[in-house]
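Take a look at the structure set out below.
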Amino acid sequence: MSFENLNLIAPIMKALQTEGYTHPTPIQDRAIPIILGKKDLLGCAQTGTGKTAAFAIPLLQLLHGEERAGGKRRDIRTLILTPTRELAIQIGESFTAYGRHTGITHTVIFGGVSQKAQTNALRAGVHILIATPGRLLDLMNQGHVDLRRLTHFVLDEADRMLDMGFIHDVKKVLAKLPANRQSLFFSATMPPEIAKLADAILVNPEKVAVTPPATTVESIEQSLYFVGKKEKKLLLRHILDNPSVVSALVFTRTKRGANIVAGDLIKAGITAEAIHGNKSQGARQRALGNFKARRTRVLVATDIAARGIDIEELSHVINYEIPNVPETYVHRIGRTGRAGLSGTAISFCDTEEKEFLRDIQKLLARNIPVIEEHPFMQREAAPVARQAPPRQNRPHPQSGQSARTNAGGSRRYGRRRYGR
Ligand code: AMP
């Protein structure tokens, strides 16, 4: 299936060409015709599946048609609610990209920054409003947002809204929306509370489910380094000595850890920045912008700060510290290997983290290949070595070939074996 079969209008096809998209992803393939048919949609999909374009493209097309029929007024016709500032900004960037030839306008509003620019944009008038729930409610209560002419509503990442405690705010917003509208509901998971919310919002929805976590993870080359806690910073520099590690997103468990790792790298002459909740929104945006533009090679982030970050062509994710929640590992490494590109995920494991590693391997239902004989190998962290067969190159579980090299093809990191 190509985009040609989806009956998209010329201004959108032109934008997709500029983006270099040739084929729709599975969620786009299935959701675009449903949305263009003005039906409600229940989409079970997570970030990384192309779900933003799956709703942005048809909504732009519908609004383009409606605007041509309805004159030049700029009322808010579409509201998109999303849980985090980063996601809101990224959705805004997607609308800019796909809508550049449509004349449809949008703005993004989120908390943590001054309201001024946001209220100015609202006053000028926009067709599409992308918002986080808290700031939207504030601006609604101050009379800056008029949703009476709204015709389309999108609830993005509904399960995260629940996790982050935003469900009450979402319900308050919902109470203010015109009943006669098209609603689209996206969630990676469907726990009962989310299913109930979907039921309350959607009318006779069409259902589309795509299951990316396993397949996304399949395309990522994972490896594990057993290393002492104190040697982690040396190992990181050693890995970054390899120029094929063009850019790396490094994860730490704590904000303090993120600052320390970024500071160590800067001292070693490697461009690095840290992002976490203690940094201002402006500082986080700048750091992300520098990283995307390849002005900084390494971005060090905590899990919360990295939520929803979408960096095209990110080659390496490095788990400087192993996450204590196994699903977090899958989310972290899913930052690389996007939209079919290959990616590399490297994890550093010290003695204290072995328990976390066990849980992750259980979730993955397989063992992460171990890199042996690197300069900072810590045997105590890897008692599994004694149980593993003598050193050898067993077939790679993903490729069926003998163990591949990691980190861009150099064998300097030593041999793999498979932890158990
Ligand atoms: P999302 O799931 O919306 O976060 O999208 C994940 C990534 O896939 C983003 O970087 C998009 O730019 C990219 N993407 C979305 N649709 C396509 C497509 N049809 N072809 C290539 N890349 C795409």
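Inspection of segment 39-53 finds no residue satisfying the criterion of being more than 9 Å from the ligand (Cβ to nearest atom), part of a helix (DSSP H, G or I) and touching a Ser or Thr at 6+ places or on another chain (Cβ under 6 Å). Scan segment 75-103 for residues that are assigned to a loop (DSSP other than H, G, I, E, B), within 18 Å of Arg160 (Cβ to Cβ) and either modelled with pLDDT under 95 or not assigned by TED's automatic domain parsing to the domain that holds Thr47 (or both) and the total you get is 2. Here segment 350-364 is the region considered, the condition is being at pLDDT below 90 and within 23 Å of the chain's Cα centre (by Cα), and the residue that is surrounded by the most Cβ atoms within 10 Å (Cβ to Cβ) is Ile360.
Hey, among the residues in segment 18-38 that are part of a loop (DSSP other than H, G, I, E, B) and modelled with pLDDT of 95 or more, which one's nearest to the ligand (Cβ to nearest atom)? Only one residue fits best here, namely Gly37.
Against the conditions (1) in a helix (DSSP H, G or I); (2) of a type in the set (A, V, I, L, M); (3) at pLDDT 80 or above, Ala274 satisfies every one except (1). Residues that are in contact with a His (Cβ under 7 Å, 6 or more places away or on another chain) and either more than 15 Å from the ligand (Cβ to nearest atom) or among the aliphatic types (A, V, I, L, M) (or both) are absent from segment 86-98 altogether. Is one or more of the residues making up segment 54-64 modelled with pLDDT of 95 or more, more than 11 Å from the ligand (Cβ to nearest atom), among the β-branched types (Val, Ile, Thr) and not in a strand (DSSP E or B)? No, because not a single residue in segment 54-64 is modelled with pLDDT of 95 or more, more than 11 Å from the ligand (Cβ to nearest atom), among the β-branched types (Val, Ile, Thr) and not in a strand (DSSP E or B). When residues in segment 257-315 are screened for being within 16 Å of the ligand (Cβ to nearest atom), under 20 Å from Ala88 (Cβ atoms) and not hydrophobic (A, V, I, L, M, F, W, C), 6 of them pass. Among the residues that make up segment 66-77, is at least one of them within 29 Å of Asp159 (Cβ to Cβ) and either within 16 Å of the ligand (Cβ to nearest atom) or out of contact with any strand residue (DSSP E or B) (no Cβ under 6 Å at 6 or more places or on another chain) (or both)? Within segment 66-77, one or more residues are within 29 Å of Asp159 (Cβ to Cβ) and either within 16 Å of the ligand (Cβ to nearest atom) or out of contact with any strand residue (DSSP E or B) (no Cβ under 6 Å at 6 or more places or on another chain) (or both). Among the residues of segment 121-130, is any touching a helix residue (DSSP H, G or I) at 6+ places or on another chain (Cβ under 6 Å), assigned to a helix (DSSP H, G or I), under 20 Å from Asp40 (Cα atoms) and not small (Gly, Ala, Ser)? For segment 121-130, residues touching a helix residue (DSSP H, G or I) at 6+ places or on another chain (Cβ under 6 Å), assigned to a helix (DSSP H, G or I), under 20 Å from Asp40 (Cα atoms) and not small (Gly, Ala, Ser): absent. When Thr22, Thr47 are checked against the criterion of being among the hydroxyl-bearing types (Ser, Thr, Tyr) and surrounded by fewer than 19 Cβ atoms within 10 Å (Cβ to Cβ), Thr22 stands alone in meeting it.
The values are calculated or read from the model by the stated rules, or taken from the named source; none is laboratory data. These numbers were taken from a predicted model, which means no experiment stands behind them. Methodologically, a virtual Cβ is constructed for each residue, glycine included, from the backbone with ideal geometry; neighbour enumeration extends over all protein chains shown.
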